[in-house]
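Presented below is the structure to which this report refers.
The values are calculated or read from the model by the stated rules, or taken from the named source; none is laboratory data. The structure presented is a predicted model; accordingly, all values stated were derived computationally and were not measured. We place every Cβ from the backbone using ideal geometry, glycine too, and count neighbours over all the protein chains shown.
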Amino acid sequence: MSPIRKPLLAERERQVLEGLAAGKSLKRIAVDTGHSYNAIRSCAGRLYKRLGVDSAVQAVAEAYYLRLIAVPTTTTRPKSSHAHPYEQGRAP
């Protein structure tokens, strides 16, 4: 089994990946990074090609798999006012 080769990412490609992973649109990434929308769109297209994917969702999944970007840590979910009976310390 050969080791996974991580493609080297340019700074803009990393910004695009991190923005996509955060659920941002390409337009929002462009505004946040100060680059034009067309530059970000072109960068995303090149990034998809390098990763061998066809969409933003696939790019983020592949980036997590290759450990190109950190997987976000989960936080504890907020308690709802309608907690499950077991969470309230009593069984039904």
Exercise for the section: Tally the residues that are part of a helix (DSSP H, G or I) and either surrounded by fewer than 20 Cβ atoms within 10 Å (Cβ to Cβ) or in contact with a Gly (Cβ under 7 Å, 6 or more places away or on another chain) (or both), restricting the search to segment 29-60. Expected result: 16
Handout entry: Per-region count, segment 1-14, residues part of a helix (DSSP H, G or I) and either at pLDDT below 90 or farther than 13 Å from LEU66 by Cβ (or both)
Key = 2
Handout entry: Any hit, segment 15-28, residues being in contact with a helix residue (DSSP H, G or I) (Cβ under 9 Å, 6 or more places away or on another chain), closer than 12 Å to ALA59 by Cβ and at pLDDT below 90
Key = no
Exercise for the section: Any residue in segment 31-59 that's of a type in the set (S, T, N, Q): show its pairings with residues that are assigned to a loop (DSSP other than H, G, I, E, B) at Cβ separation under 9 Å, as long as the two are six or more apart or on different chains. Expected result: GLN58/GLY52
